[in-house]
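Worksheet: one structure, shown below.
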Number of protein chains: 2
Amino acid sequence: MRRFGFYLVAIAVTVCVVAVISSASAQSAGSVFVTKIPVGYRDWKLISVAHEEANLNSFGAVLGNDVAIQAYRDGKLPFPDGAIIAALHYRFVPSEENNKAFGQTQSFVAGDPTNVQFMVKDSKKYASTGGWGYGHFSQDGTPGGDALLKTCSPCHAKAVRDSVFTRYSR
Amino acid sequence: MRRFGFYLVAIAVTVCVVAVISSASAQSAGSVFVTKIPVGYRDWKLISVAHEEANLNSFGAVLGNDVAIQAYRDGKLPFPDGAIIAALHYRFVPSEENNKAFGQTQSFVAGDPTNVQFMVKDSKKYASTGGWGYGHFSQDGTPGGDALLKTCSPCHAKAVRDSVFTRYSR
């Protein structure tokens, strides 16, 4: 009986240790979302621009780190690990000043910033979401919740070029 | 009569020489237009994005060299000599691929490139056009003609921040 009790405790401890290790792993190496804003992204090079109507009504500038830009310019698919793509979103607003200069209503510019989104390529860490980790940060740096972030991968999976919608503008 | 003829010829020659010197000067140091595409502009940092409807129907990305970006970030006006602002223009086109993913028509992207325009700050060289030299190059690198370039400065002079329309997007 004492021996049985020893085994029971040993098994319980082992299960707990494994559970703790798995949990720690899921929070760091295994997280499927990007939880920190990549440093220096505002200085990255331009990939292209984008505008979404409807509810989003956004004006976007899509930038890439050096790994992403090189892959784009070389036409390399899938994107290599280390590639990061940033989508800077602003309100899509008319410009009164520009329209006055043109003498007619025709000019739209980037208004207040709304959010910045990231795709980080790490084929092991983000294997469950096509090799891309997705991140969303409001203008004040608040990360998007899991419910929002879970919608990224299924939609991006529809993009024909390695889950990436934006093409490079020469 | 011979003396009068001599003076007439002398005056004519002088006028011609002055005209030739003026012309040469206008084509080199005194040119009011930018005649060469600034090296490496495609790698410059993002200032903002822009869209023009009507005849232009353009999608623009506005980039700046380091001098321009620093001035923008510091809120420095007028822009210092050496600042260069580049406007990369593309067709404003709907994206079928994106619309399919969204399940509705809402997405516009940069289509074929149309031209790239530059504003180069040199308060002495371009003194006659507010300190800015203006350049326009078609996608194949062909510079815009004088008739087109002469329209830049009067329009930009209407911009309230040192002839620059585009504001910096944080």
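The values are calculated or read from the model by the stated rules, or taken from the named source; none is laboratory data. No experiment lies behind these values; they were computed from the predicted model shown. Virtual Cβ from ideal backbone geometry, glycine too; neighbours counted across all protein chains shown.
Hey, could you check segment A:116-134 for residues that are of a type in the set (S, T, N, Q) and surrounded by 19 or more Cβ atoms within 10 Å (Cβ to Cβ) and say which is farthest from B:Asn57 (Cα to Cα)?
A:Thr129
Determine whether segment A:82-102 contains at least one residue that is more than 8 Å from chain B (Cβ to nearest Cβ), assigned to a loop (DSSP other than H, G, I, E, B) and within 21 Å of the chain's Cα centre (by Cα).
For segment A:82-102, residues more than 8 Å from chain B (Cβ to nearest Cβ), assigned to a loop (DSSP other than H, G, I, E, B) and within 21 Å of the chain's Cα centre (by Cα): present.
Based on this model, can you work out whether B:Phe137 counts as under 30 Å from A:Asn115 (Cβ atoms), in the same structural domain as B:Ala54 (by TED's automatic domain parsing), touching a residue at least 40 places away in the same chain (Cβ under 8 Å) and surrounded by 14 or more Cβ atoms within 10 Å (Cβ to Cβ)?
So B:Phe137 fails the test.
Against the conditions (1) in contact (Cβ under 8 Å) with a residue 40 or more places away in the chain; (2) of a type in the set (Ser, Thr, Tyr); (3) more than 30 Å from B:Ser163 (Cβ to Cβ), where does A:Thr142 fall short? Just the number, please.
Of (1) in contact (Cβ under 8 Å) with a residue 40 or more places away in the chain; (2) of a type in the set (Ser, Thr, Tyr); (3) more than 30 Å from B:Ser163 (Cβ to Cβ), only one is false for A:Thr142: (1).
Just one of A:Val15, A:Val109 is modelled with pLDDT under 95, β-branched (Val, Ile, Thr), over 21 Å from A:Arg161 (Cα atoms) and not in a loop (DSSP other than H, G, I, E, B); which is it?
A:Val15
Check off (1) out of contact with any Lys or Arg (no Cβ under 7 Å at 6 or more places or on another chain); (2) buried (at least 20 other Cβ atoms within 10 Å of the Cβ) for A:Pro78 and give me the number that stays unchecked.
The number of the failed condition is (2).
Do we find that A:Pro78 is touching a Phe, Trp or Tyr at 6+ places or on another chain (Cβ under 7 Å), modelled with pLDDT of 95 or more and part of a loop (DSSP other than H, G, I, E, B) in this structure?
no
Name the single residue, out of those in segment A:31-49 being out of contact with any helix residue (DSSP H, G or I) (no Cβ under 8 Å at 6 or more places or on another chain), at the interface with another protein chain (Cβ under 7 Å from one of its Cβ atoms) and in contact (Cβ under 8 Å) with a residue 12 or more places away in the chain, that is farthest from B:Glu52 (Cα to Cα).
Among them, the one singled out is A:Ser48.
Only one residue in B:Ala157, B:Ala147 is within 11 Å of chain A (Cβ to nearest Cβ) and among the hydrophobic types (A, V, I, L, M, F, W, C), so which one is that?
B:Ala157
Which one of these is of a type in the set (Val, Ile, Thr) and buried (at least 23 other Cβ atoms within 10 Å of the Cβ): A:Val109, A:Val39, A:Val67?
Testing whether each residue is of a type in the set (Val, Ile, Thr) and buried (at least 23 other Cβ atoms within 10 Å of the Cβ) leaves just A:Val109.
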